[in-house]
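Visitor: This is the structure I want to talk about, given as structure tokens.
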Amino acid sequence: MPHKLLGISGALRAGSTNKMLLREAARLYGAADYVEADLNLPLYDGDLESESGLPEAVNTLVAQIAEADALLISTPEYNAGVTGVLKNALDWISRHSEKPMVGKSTALMSAAAGRAGGVRAQMMLRSCLVAFRPRIALGSEFGLANSSNEFDAEGRLTSAHYTASLTALMEALKEDVGQNQ
């Protein structure tokens, strides 16, 4: 049975290179069922939570994480950190009684316009994830620099170097999923 991968992008934009990177990572992972999470969530507000409980979109996200064999998380870098979209999603997830990320095989990556490819955002993301206790795949740190110029018309990476690095990260994730089952 193919693994279930959940892609989580720190960008909402339909044409986001982080979403493209997630799809390319899923393709390079190989036989897997891939779904992308919808992080278009309301801003976390304790009053809203007290009055109405968790929004249905948050419950859906938590269920998707719980059902996935592995997570692919890609974030742009905004002002040397993760996006508000991604941090907000983590804040909501942390409020759920289920802790779906504990022990979950996870690969981190980033795509950004700058020459560092978003690696500072990945460092911040690692800090944010400590409380969630996922199993972060040990592979090359993957930051896609100048990301808007690195994909062809089909959404595939054009650089052999980036393709090899992302493939290595997906191999490390597959190995971790195998150890985690």
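Visitor: With in contact (Cβ under 8 Å) with a residue 60 or more places away in the chain and touching a strand residue (DSSP E or B) at 6+ places or on another chain (Cβ under 8 Å) as the only criterion, which of Thr83, Thr158 stands out?
Guide: Details: Thr158 fails: in contact (Cβ under 8 Å) with a residue 60 or more places away in the chain.
Criteria check complete, one pass: Thr83.
Visitor: Inside the range 24-55, can you point out the residues that are in contact with a Lys or Arg (Cβ under 9 Å, 6 or more places away or on another chain) and touching a residue at least 40 places away in the same chain (Cβ under 8 Å)?
Guide: Listed by number, the residues that qualify are Glu24, Arg27, Tyr29, Gly30, Tyr44, Glu49, Leu54.
Visitor: For the range 56-65, what are the residues that are surrounded by 15 or more Cβ atoms within 10 Å (Cβ to Cβ) and either in contact (Cβ under 8 Å) with a residue 40 or more places away in the chain or not β-branched (Val, Ile, Thr) (or both)?
Guide: Ala57, Leu61, Gln64, Ile65
Visitor: Based on this model, can you work out whether Ser140 counts as polar (S, T, N, Q), in contact with a helix residue (DSSP H, G or I) (Cβ under 6 Å, 6 or more places away or on another chain) and surrounded by fewer than 21 Cβ atoms within 10 Å (Cβ to Cβ)? First the steps, then the outcome.
Guide: On the way: polar (S, T, N, Q): yes; in contact with a helix residue (DSSP H, G or I) (Cβ under 6 Å, 6 or more places away or on another chain): yes; surrounded by fewer than 21 Cβ atoms within 10 Å (Cβ to Cβ): yes.
So Ser140 fits the description; yes.
Visitor: For the range 66-78, enumerate the residues that are acidic (Asp, Glu) and either under 12 Å from the mean Cα position of the chain (by Cα) or surrounded by fewer than 19 Cβ atoms within 10 Å (Cβ to Cβ) (or both). Give the steps one after another, and end with the answer.
Guide: Here is the first cut: in the range 66-78, the residues acidic (Asp, Glu) are 67, 69, 77.
Hit for the range 66-78 is Glu67, nothing else.
FYI, it's all coordinate maths here, none of it is from the lab. Small disclaimer: the values here were computed from a predicted structure and weren't measured. All Cβ positions, even for glycine, are placed from backbone atoms using ideal geometry, and neighbour counts span all protein chains on display.
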